[in-house]
Amino acid sequence: MGNRVSSDVIEKWLSAWALSRELPLPIKFKSGYKVDVGYEKQKARYVFAELNDDFIQLTKTINETWVFLKVCASPEDVINKISGKWVIQPQGYLMSCASPMSIPQISLPDDYIVEFENYNSTTLIKIMTKDRELASIGRVIIVDDVAVYDRISTEENHKRKGLATYLMTELEQIAISKNVYKNFLVATEQGKILYQSLGWQVCSLYTSVVIPS
């Protein structure tokens, strides 16, 4: 697992993240990028492709709560370079996959239907029960030559039915239909296991820190 992620990939991934959430696009900040998020518990986020002086200086100048700093580096490397006011968040993983994913032929169970919505270069796919209960949801965002998968989740009482795998195949088909074969996402610890089973690889640990209130 190499920790070399290009700044270009970070910019495209972060642009997709912002488009998916209907937020302002990232702006360049020194060697990284900044998004003005505007949420109560996430005012802004700064994202860097590597742990460098720009990142470390930011940790010294920011004293505001709920401003997230994110970097493609291990938590051990980050914690050794920053002060104790910063709290490490649950581990993330920047992952990539070149289409096609290694997914077995899978069909949707009979009692579910699929719905599609489009906005901001984003395709939102929902898997619903026949009586309109949300079972699984996810988004794919196309930015130039890259497809970014975002906010993939399955409701607890609908897990272990292959819905997330089916959802990923549907999202991938959107990307392929636009001739995009480079896929990226940031996974949680739990999500990483699913994605690895579909042929995704970890490019880098993705570590976030914040000053909570």
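Quick check on Ile10: is it in contact with a Gly (Cβ under 9 Å, 6 or more places away or on another chain) and either modelled with pLDDT of 95 or more or assigned by TED's automatic domain parsing to the domain that holds Phe68 (or both)?
yes
Residue-by-condition table, conditions (1) within 20 Å of Cys203 (Cβ to Cβ); (2) in the same structural domain as Val186 (by TED's automatic domain parsing); (3) touching a Lys or Arg at 6+ places or on another chain (Cβ under 9 Å):
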{"site": "Arg21", "(1), (2), (3)": "no, no, yes"}
{"site": "Leu25", "(1), (2), (3)": "no, no, no"}
{"site": "Glu50", "(1), (2), (3)": "yes, no, yes"}
{"site": "Lys60", "(1), (2), (3)": "no, no, no"}
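I need every pair where a residue in the range 103-124 that is assigned by TED's automatic domain parsing to the domain that holds Glu22 has its Cβ under 9 Å from the Cβ of a residue that is surrounded by 14 or more Cβ atoms within 10 Å (Cβ to Cβ) and part of a strand (DSSP E or B), sequence separation at least 6 or different chains.
Note: no pairs meet the criteria.
Scan the range 81-93 residue by residue and report those that are in contact with a helix residue (DSSP H, G or I) (Cβ under 8 Å, 6 or more places away or on another chain) and either surrounded by 15 or more Cβ atoms within 10 Å (Cβ to Cβ) or free of Cβ contacts under 8 Å to residues at least 60 places away in the same chain (or both).
Lys81, Ile82, Ser83, Trp86, Gln91, Tyr93 - these are the residues of the range 81-93 that are in contact with a helix residue (DSSP H, G or I) (Cβ under 8 Å, 6 or more places away or on another chain) and either surrounded by 15 or more Cβ atoms within 10 Å (Cβ to Cβ) or free of Cβ contacts under 8 Å to residues at least 60 places away in the same chain (or both).
Considering the range 36-80 alone, what residues qualify as being out of contact with any Phe, Trp or Tyr (no Cβ under 8 Å at 6 or more places or on another chain), surrounded by 15 or more Cβ atoms within 10 Å (Cβ to Cβ), charged (D, E, K, R) and more than 21 Å from Val9 (Cβ to Cβ)?
none
In the range 137-151, is there at least one residue being buried (at least 21 other Cβ atoms within 10 Å of the Cβ), touching a residue at least 12 places away in the same chain (Cβ under 8 Å), in a strand (DSSP E or B) and among the charged types (D, E, K, R)?
So far as the range 137-151 goes, yes, one or more of its residues are buried (at least 21 other Cβ atoms within 10 Å of the Cβ), touching a residue at least 12 places away in the same chain (Cβ under 8 Å), in a strand (DSSP E or B) and among the charged types (D, E, K, R).
Based on this model, can you work out whether Ile127 counts as assigned to a strand (DSSP E or B), among the aliphatic types (A, V, I, L, M) and surrounded by 15 or more Cβ atoms within 10 Å (Cβ to Cβ)?
So Ile127 passes the test.
Go through the range 1-68 and tell me which strands (runs of 3 or more DSSP E), entirely inside it, have 3 or more residues that are on the phi < 0 side of the Ramachandran plot and under 16 Å from the mean Cα position of the chain (by Cα).
Strands (runs of 3 or more DSSP E) meeting the threshold: 32-39, 42-48.
The values are calculated or read from the model by the stated rules, or taken from the named source; none is laboratory data. As the structure is a prediction and not an experimental result, all values here were calculated from the model. Heads up, the Cβs are rebuilt from the backbone with ideal geometry, glycines too, and the neighbour counts pull from every protein chain shown.
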